[in-house]
Amino acid sequence: MVVTGIGAVSPNGIGRERFWEATKSGESGVRAITRFDASPYAARIAGEIPGFREQDWVSAKDRPHVSRAVPLAVAAASEAIADAGLEPGRMTREQLRAIGVCVGTGGAAHEFTEEQYRLYYTGHEKQCSVYVIPSSTPGTLASEVSMRFGFRGFSHVVTTGCTSSTDALGYAWRTIQTGAIDTIVAGGVDAPLATLILRGFLLMRILSTRWNAEPHRASRPFSADRDGFVLGEGSWFFVLEPLEKARARGARIYGEIAGYGSTCEAYHRVRLEECGEEPARAMEMAMEEAGVKPEQVQYVNYHGTSTELNDRIETRAVRLAFGAHARRLAGSSLKSLIGHPQGACGAAGVAATLLAMRDGVAPPTINVEVPDPECDLDYVPGAARKLEIELAVANCIAFGSKNSALVLRKI
């Protein structure tokens, strides 16, 4: 199963190629929060998308009735669909029935629901949306994408925390393998920039608070002076279809999803188990399913959150999964550039990895400035590097002890 279309709406660039150029150049999309007044909070920065025109994707009439995630998802899905050469407006009903939608999201419409509560409890009940229930329901997010394009295949949401979009892509891949459907628009979206969400993460003491004056330096995966992750938003979508179908219609092919692995440590709501065995096993399962040996892989796209715990244990997991090859394995964390877009982060990493394969360039991890003896692998620090990538692993780790990984192969 191959990827024939990519769409991106990212803090460091709107549109696939702008996102990729910024990513290759090490251009940060972390900045001061403007969505709301963040001055009362210890963390006042985020991977916020400037200049995104919601009105281009959702009408002024509909916007009060949906979350910000909806225009973000529709924008990225639209780019992916056009990139793949699909024209839903010219399709028959039978053709539309053969296209499914699978969206990965962690928070779905939390910021929309938060706003509805704010209106209600501040005496503005009449301004609450009549669609407060359906638009607050995670499953409706996929329906918004399906309705926009008229797709009549299944319309599903996968929500597994930070692994949501990785799992959505894995789910889509396996569904196509069964032959039940042959084209799926899949990806991830999250829009968690809202006051209560920010406060909740601050209560957990896992957000960066030391770099408000220098936002671009705040997300620092694998650097010993990291102090937490940076909240982010964004949307990354793909068109997935069988290789034979893509070749028959002359579609451009970015790469193949060749294997998927997912595990649970069954350990803790938010902490990772120190041993790193289950994230390692997810990567091993994905490689085994792809028929790939660890030493054949050239690149890893790390989860790399910039928290002390994640970066240390993920490094340990890569050592376990790849053995001696881990020392020779290049890898990078996109979160150093865009912050952490929650359930959309896996799709963001897959997009960056496929474009890295296309151009033969490993993107950098920025802000790795202070060596950490427990994070001692090759994170492509500081600047991009020429690297021919035939096989890559995109890794994700989530709250609730979840771990998921995909193997990507260049075609």
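What follows draws every value from the coordinates through simple rules; no lab data is involved. In this text the structure is predicted, and so the values were computed from the model without any measurement. No Cβ is skipped: glycine too gets one built from the backbone with ideal geometry, and neighbour counts run over all protein chains shown.
Any idea which residue in region 381-397 is farthest from the chain's Cα centre (by Cα), counting only those that are of a type in the set (A, V, I, L, M, F, W, C) and crowded, with 24+ Cβ neighbours inside 10 Å?
Applying the filter and picking the extreme gives ALA392.
Can you go through GLY234, GLY250 and tell me which one is in contact with a Pro (Cβ under 6 Å, 6 or more places away or on another chain) and either under 18 Å from THR34 (Cβ atoms) or loosely packed, with under 15 Cβ neighbours inside 10 Å (or both)?
GLY234
Of these, SER235, SER219, SER223, which one is hydroxyl-bearing (Ser, Thr, Tyr), in a strand (DSSP E or B) and touching a residue at least 12 places away in the same chain (Cβ under 8 Å)?
SER235
Could you identify the single residue in ALA330, ALA326 that is free of Cβ contacts under 8 Å to residues at least 60 places away in the same chain and touching a strand residue (DSSP E or B) at 6+ places or on another chain (Cβ under 6 Å)?
When all the criteria are applied, what remains is ALA330.
Does any residue in region 187-201 that is farther than 13 Å from SER235 by Cβ come within less than 9 Å, Cβ to Cβ, of a residue that is of a type in the set (Phe, Trp, Tyr) and in a helix (DSSP H, G or I) six or more places away or on a different chain, and which pairs are these?
ALA194/PHE112; LEU196/TYR117
Please find, within region 36-78, the residue that is surrounded by the fewest Cβ atoms within 10 Å (Cβ to Cβ) out of those that are among the charged types (D, E, K, R) and closer than 22 Å to ARG118 by Cα.
Among residues in region 36-78 that are among the charged types (D, E, K, R) and closer than 22 Å to ARG118 by Cα, the one surrounded by the fewest Cβ atoms within 10 Å (Cβ to Cβ) is LYS61.
Can you tell me which residues in region 20-35 are of a type in the set (A, V, I, L, M, F, W, C) and either over 18 Å from ARG220 (Cα atoms) or surrounded by fewer than 16 Cβ atoms within 10 Å (Cβ to Cβ) (or both)?
Listed by number, the residues that qualify are TRP20, ALA32, ILE33.
Take the residues in region 108-163 that are of a type in the set (A, V, I, L, M) and out of contact with any strand residue (DSSP E or B) (no Cβ under 9 Å at 6 or more places or on another chain), then tell me which one is farthest from PRO71 (Cα to Cα).
Selected residue: LEU119.
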